[in-house]
Amino acid sequence: MYDALEVFALDALADIPAGYMSAGQKRRLGLARLLVAHRPLWLLDEPTVSLDTGSADILVKAINRHLSDGGMAIVATHLPLAIEPARGISLVRKEAQA
């Protein structure tokens, strides 16, 4: 568990209740839980919300490592992320015609 906290730079906050953490710290805590859960498939919806640039980079590294270890990830985001290998799908809403 402490390794996951260290990856997301939360090891110094290990004894702090989540209710006292900032939005970004809470987001990083949720992402650290992915590392502890050891699930083969990660479903991430806008995972960079509330993250600064450095934390977003840590997230991308964690996703890439998960993929290189044989895992899978489905990531819904409005921002481009340097995830390799990645297959992108763009969804565009069409306006209804009268």
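Where a number appears in this text, it was derived from the coordinates with a stated rule and is not lab data. Since we're looking at a predicted model, the values are computed, not measured. Cβ: placed from backbone, ideal geometry, glycine included. Neighbour counts: every protein chain shown.
Structural descriptor for the chain: relative contact order 26 percent, calculated from alpha carbon pairs under 8 angstrom and at least 6 residues apart. Compared with the dominant Cα axis of the chain, that is its longest principal axis, helix 53-68 is turned about 80°. Summed over qualifying helices (DSSP H, 4 residues or more, each -39500 (n - 2.57)) and divided by its residue number, the chain shows a 222 nm mean residue ellipticity of -12000 deg cm²/dmol. For the pair ASP15 and ASP69, label points projected 7 Å from Cα toward Cβ lie 2.8 nm apart. Extending 7 Å from the Cα toward the beta-carbon at both GLU46 and ASP3 defines two label points whose distance is 3.2 nm. Among GLY71, GLY19, GLY30, the largest mean-square fluctuation in a Gaussian network model of the chain (Cα springs under 10 Å) belongs to GLY19. Subtracting the Cα-Cα distance of THR77 and VAL92 from their residue separation scaled by 0.36 nm leaves 4.1 nm. Against the empirical 2.2 N^0.38 Å (N residues), the chain has a Cα radius of gyration ratio of 1.23.
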